[in-house]
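A short write-up of the structure that comes next.
The values are calculated or read from the model by the stated rules, or taken from the named source; none is laboratory data. Quick caveat: nothing in here was measured; it's all calculated off a predicted structure. Every residue, glycine among them, receives a Cβ derived from its backbone with ideal geometry; neighbour counts consider all protein chains shown. These accessible areas exclude ligands, DNA and RNA; they are computed on the full protein's heavy atoms, side chains included. Shrake-Rupley method; radii C 1.70, N 1.55, O 1.52, S 1.80 Å.
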Amino acid sequence: MKIKIEKIDRSDVVVLSDRCRGYRGEFSCPMVRGWAILVPYSGGEEALAAGNHISVETGQQSISEFRILESSGTPTVSPLPSPGDYSVVGQVELDGGGQVFDVDVGGLLFTLDIEDTGGKVPRIGTWVSFHLHGLSLWDENT
């Protein structure tokens with residue numbers, strides 16, 4: 001998914017692992033405008049600048065309030081009060097052996113595992129909703 005970096009705070013470094021760091025920033029895309037941790041590809045810090053359009057993969061710190069919906073939904077990503085947290089509605093498009101699931105939300109893909117779903121195994125095509133906490137957007141360098 002392509003996003004536009006609206007603002008980025010290079011002084012607000014977030015350590016995601018011993019080899020990876022990102023920066024808090026504001027982004028926009030067709031689905032939503034909000035805050036996330038923006039993570040550069042290795043050696044690609046210059047791509048993370050306000051006004052740049054980059055292709056990203058999503059990540060998150062945690063998922064809560066996962067539900068399988070009874071009927072079709074409308075893909076939505078809505079900011080929650082805490083910056084970087086979102087209420088999400090999407091459709092399951094990939095089932096990785098009942099352990100990992102890709103949820104498509106209007107072109108944004110979110111990967112959830114069986115722990116995120118509370119042990120529930122949604123089928124492909126099923127609509128789901130959840131709260132995503134600590135969104136990270138990883139520059140794909142494409």
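Out of 21, 33, report the one residue that is at pLDDT 95 or above and surrounded by fewer than 19 Cβ atoms within 10 Å (Cβ to Cβ).
Matching residue, one of 21, 33: 33.
What residue, of 11, 78, 72, is out of contact with any strand residue (DSSP E or B) (no Cβ under 7 Å at 6 or more places or on another chain), open to solvent by 50 Å² or more (accessible area, probe 1.4 Å) and either of a type in the set (S, T, N, Q) or at positive phi (or both)?
11
Here is a list of conditions, (1) at negative phi; (2) of a type in the set (S, T, N, Q); (3) open to solvent by 50 Å² or more (accessible area, probe 1.4 Å), and residue 141 meets all of them except one; can you say which number that is?
Unmet condition: (1).
Could you check region 57-69 and list, in sequence order, the residues that are open to solvent by 60 Å² or more (accessible area, probe 1.4 Å), within 15 Å of residue 131 (Cα to Cα) and not aliphatic (A, V, I, L, M)?
Result: 61, 65, 67.
I'm trying to understand the selection: among the residues of region 53-72, which are assigned to a strand (DSSP E or B), under 14 Å from residue 108 (Cβ atoms) and under 12 Å from the mean Cα position of the chain (by Cα)?
Correct list: 56, 57, 58, 59.
Mind checking which pairs have a first residue in region 118-142 that is touching a residue at least 60 places away in the same chain (Cβ under 8 Å) and of a type outside the set (D, E, K, R) and a second that is open to solvent by 70 Å² or more (accessible area, probe 1.4 Å) and in a loop (DSSP other than H, G, I, E, B), Cβ under 8 Å, 6 or more apart or different chains?
Close Cβ pairs satisfying both conditions: 133/61; 134/61; 136/61.
When you scan region 84-108, how many residues do you find that are at pLDDT 95 or above and buried (at least 16 other Cβ atoms within 10 Å of the Cβ)?
12
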